[in-house]
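To keep things clear, I will list the structure first and then write my remarks on it.
Laboratory data are not the source of any read-out in this text; all were calculated from the coordinates shown. Since this is a predicted model, take the numbers as computed values, not measurements. Cβ: placed from backbone, ideal geometry, glycine included. Neighbour counts: every protein chain shown.
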Amino acid sequence: MKDKVERIVREFINEKPDRITLKLHWKERKSDIELKFGRNTVVITLLGTISFSQFAAGVLKVYEESYGKLNVVPLSFREEIYKNDKVSLHLYPTGSIGRFDIFINYY
C-alpha cells in the first residue's frame with residue numbers, strides 16, 4: 001500500500017497540497033486519501049486499509065525526493081514535524097477515529 005500512497009502523492013506534489021489526510025473506513029475495508037489545495041479537495045479511495053506508518057512513510061519519501069532531506073522535530077508522543085528550509089510537514093495521527101492528517105507549509 002505504501003507504493004500506492006507514493007504514486008498518489010507524486011501525482012499531486014507539484015500542486016503543493018496544504019493537507020494530506022488518510023481516512024480509514026474499517027467496516028468497508030477501504031481508505032480515502034484526501035488532498036486539500038486551499039478550497040479544492042481531491043479524494044482518492046483505495047480498497048483495503050492503509051496503516052498509519054505506511055501512509056506517513058509514503059508521503060515523507062516523496063517529499064524528501066522532491067524537497068531534500070527532512071529533519072524530524074518531535075512535539076509529543078504522537079506528533080512530529082519533518083522540515084527543512086523549503087517545506088515542513090506536521091504529522092498528526094488521530095488513531096481512535098481512523099484519521100491521520102499531515103499539514104504542509106512551503107517556504
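Listed values, structure above:
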| quantity | calculated |
| --- | --- |
| On Cα atoms only, tilt of 2-12 relative to the major axis of the chain in degrees | 60 |
| With eigenvalues of the C-alpha gyration tensor scaled by 5 and rooted, region 1-56, Å | 19, 13, 9 |
| Largest-first principal axis extents of the Cα set of the chain (Å) | 41, 31, 26 |
| Number of Lys pairs (Cα under 16 Å; 8 or more positions apart or on different chains) in the chain | 16 |
| Residue 79 versus residue 66: modelled label distance in nm, points set 7 Å from Cα along the beta carbon direction | 2.4 |
| The chain, relative contact order in percent, only Cα pairs under 8 angstrom and at least six apart counted | 25 |
| Angle in degrees between helix 52-67 and the longest Cα principal axis of the chain, rounded to the nearest 10 | 30 |
| Cβ-placed point charges (K, R +1; D, E -1), dipole of the chain about Cα centre in debye, nearest 20 | 220 |
